[in-house]
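Data block below; observations after.
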Amino acid sequence: MRLFETAVAVTALFWAGSDAQTTVPQLPRPRSCSGVSNFRFQYTAASGWSAMKLAGGLKQVRTIVWDPRGNMLVAQATRGISVHTFGADGCVNSTAMLITGNQLNHGLALTPDGTTLYASGETAAYSWSYDAGTRTVSNQKTVVRGMSSGIHFTRTLAVVPKQPNLLLLQVGSNQNLDTAAAQPSTGRAIIKVFDTAKAPANGFNYNTDGEVFAYGLRNTIGFVPDPAGVFWGVENSADDVARTENGQRRDIHQNNPAEELNRLGDPTTVRNAWFGYPTCFAVWDPSGFSGSSGLKTGSNFVMSPSSSYNDASCAANKAIPPRLSFMAHSAPIWNTFDGDARNMYVALHGSWDRQPPTGFKVVQVPFQKLADGSYDPVAPADSQAGYTDIFAAPNPASCTANGLTQSNCMRLTAAAWDPAGRGLFVGSDNSAEGEIYILTPPA
């Protein structure tokens, strides 16, 4: 039984090529695009940055990827996958639904050669053969099945560039504090690796097949490789957290735990990396803890330290702390590098569990290439200033977050650097209107 309908756009292509990173011709940043409405919500941009709305009238834009000819594929939650081509002016000149299926809600990935497309719903991930020249799909398969349901229902996908037969697939926790997820066998709060060249006819079973890349990750919605092949993930940490010390319970949820930028590692070599959840969490604001704790921003802590298990136990048990932290409840939802990996950009979706609210913006994280060829953020791990705002709601503290997509502000998603050189593409999945914007950096 087919779960999805497929369609194809018939407009002529503007360009040809085989590698979206190297052969897609440059396009101008359009000054305006005919038929595109104004921004649905107000915004501010950092000095030197400019923003324009490229597309609207979409449904819950979640993920953007580029095919080898520079066409833009967009995951629209509960609608399917759309494909968009561009004219010489840099504007969208055709739009069509590539795959229609209300099961699809977030994950989207292409192999580097652009011939295999992956997409995900809550309980299964699928593949198709993809033709960038005709913008068509065929040969639908179920690649992975049996993923758990829960409060986190999106499933992020990524193809490993060094070994494109390897597929990374993420599942979050099934509740705020999912104690059972301490065991990787639950298949929750985890990223697993599947060798698609060995997929059985009916697909892998998520819990029992594949290998564990990383676990102890409450909900790592976005993860992306740097040029060295190391993946970096952005983590949504827990809500409503309290700290009990010496029998005294203190509500610390306003500013703790931090959201995280984690160096997940190279999935061709790393297995079973543990990032602490549901036991260890990262500090954002140390003032919420007792003066004798010695904790700093980025330090791991436990909610109820005791003589048998305390903050130091996190390191003793090899819980990997975040490489950098974001303000609590910012809800990072996607990340991407620019063309030379001098910066990472993170879309902060915004969250409900803080007063005043925070998030509702895109931030820039400066990176550096080290002498050994690896990449690393410029800021130290205990910094609260390791990123800067480049695009945001004018007053995030006034933004509402009624449910996952309802708000009086943009709900930012889908960060993707444009291979045609126009800048950073970001989406909004606000239920009032799905939108896509181009953010252009200073010259």
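The values are calculated or read from the model by the stated rules, or taken from the named source; none is laboratory data. Just so you know, these numbers come straight off a predicted model, no measurement behind them. Heads up, the Cβs are rebuilt from the backbone with ideal geometry, glycines too, and the neighbour counts pull from every protein chain shown. Heavy atoms of the whole protein, side chains included, go into the accessibility calculation; ligands, DNA and RNA do not. Shrake-Rupley method; radii C 1.70, N 1.55, O 1.52, S 1.80 Å.
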Cross-link reach from Lys369 to lysines, straight Cα distance under 24 Å and at least 8 residues apart if same chain, gives Lys162
Could you give me D for the chain, from Stokes-Einstein at 37 °C and 0.692 mPa s, where the hydrodynamic radius is the Kirkwood radius over C-alpha pairs? Units µm² s⁻¹, please.
149
I need the shape label for the stretch 242-384. Rule: rounded when a/c is under 1.5, else prolate if a/b > b/c, else oblate, with a, b, c from the alpha carbon gyration tensor.
oblate
For Arg250 and Arg342 in the same chain, what is the full-extension length gain: residue separation times 0.36 nm, less their Cα-Cα distance, in nm?
29.1 nm
Relative counts (whole %) of C-alpha pair distances in the stretch 342-391, using bins that are 5 Å wide
5, 19, 20, 23, 16, 9, 4, 3, 1
In whole angstrom, and with the biggest value first, how far do the Cα coordinates of the stretch 375-441 range along each principal axis?
38, 34, 19
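If packing is taken as the average count of other Cβ atoms within 10 Å, what order do 136-142, 295-301, 40-46, 324-330 fall into, highest mean first?
Details: 136-142: 15.1, 295-301: 21.1, 40-46: 16.9, 324-330: 27.1.
Ranking, from highest mean packing down: 324-330, 295-301, 40-46, 136-142.
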Rounded, prolate or oblate, given the Cα gyration tensor of the stretch 46-122, with a/c below 1.5 counting as rounded?
prolate
For Gly56, what charge total do you get from the other residues with a beta carbon under 15 Å from its beta carbon, if Lys and Arg give +1 and Asp and Glu give -1?
+2
Residue-wise, which Karplus ³J(HN,Hα) couplings in Hz belong to the stretch 126-141, taking 6.51 cos²θ - 1.76 cosθ + 1.60, θ = phi - 60°, and x for glycine or proline?
10, 10, 9, 6, 10, 10, 5, x, 9, 6, 10, 10, 7, 6, 4, 9
State whether the stretch 307-371 is rounded, prolate or oblate according to the following rule on the C-alpha gyration tensor (a ≥ b ≥ c being the square roots of its eigenvalues): a/c under 1.5 gives rounded; otherwise a/b larger than b/c gives prolate, and the remaining case gives oblate.
oblate
Solvent-accessible heavy-atom area per residue, rounded to whole Å², over the chain at 1.4 Å
38
When we measure straight from the Cα of Lys59, which aspartates and glutamates land under 18 angstrom away, once same-chain ones fewer than 8 places off are left out?
Glu5, Glu122, Asp429, Glu433, Glu435
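What number, rounded to the nearest 500 deg cm²/dmol, is the helix-based mean residue ellipticity at 222 nm of the chain, given -39500 (n - 2.57) per DSSP H run of at least four residues and division by all its residues?
Taking each H run of at least 4 residues, the total per residue is -500 deg cm²/dmol.
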Considering only protein heavy atoms, with the full assembly of protein chains and a 1.4 angstrom probe, order Thr336, Thr208 by accessible area, largest first.
Thr208, Thr336
What number in nm² do you get for the stretch 278-328 if you take the convex hull of its Cα atoms and divide its surface by four?
3.7
I'd like the accessible area for Ser148: 1.4 Å probe, protein heavy atoms, all chains in place, Å² to the nearest 10.
30
Of the peptides 212-223, 91-102, how do they stack up when ordered by the mean number of other Cβ atoms within 10 Å, highest first?
212-223, 91-102
Compute the length gained on full extension between Ala371 and Ala316: take 0.36 nm times their separation in residues and subtract their Cα-Cα distance, giving the result in nm to one decimal.
16.9 nm
Using a 1.4 angstrom probe on the protein heavy atoms only, could you order His84, His253 from most to least accessible area?
His253, His84
Semi-axes in Å, largest first, for the stretch 237-300 (Cα gyration tensor, √(5λ)) are 27, 11, 11
Charge sum, other residues only, whose C-beta stays under 10 Å from Arg135's C-beta, Lys/Arg counted +1 and Asp/Glu -1
-1
Residues whose modelled amide H sits under 5 Å from the amide H of Glu260, counting only those 5 or more places away in sequence or on another chain, are Glu235, Ser237, Phe326
Could you give each residue of the stretch 211-226 its phi-based ³J(HN,Hα) in whole Hz, using Karplus coefficients 6.51, -1.76, 1.60 with θ = phi - 60°, and x for Gly or Pro?
10, 7, 7, 8, 9, x, 10, 4, 6, 8, 6, x, 8, 8, x, 8
Scalar couplings 3J(HN,Hα) for the stretch 188-202 by Karplus 6.51 cos²θ - 1.76 cosθ + 1.60 (θ = phi - 60°), nearest whole Hz, x for Gly and Pro, are 9, 6, 7, 10, 10, 10, 10, 8, 5, 5, 10, 5, x, 4, 9
Local charge sum around Met147 (other residues, Cβ-Cβ under 11 Å, Lys/Arg +1, Asp/Glu -1)?
+3
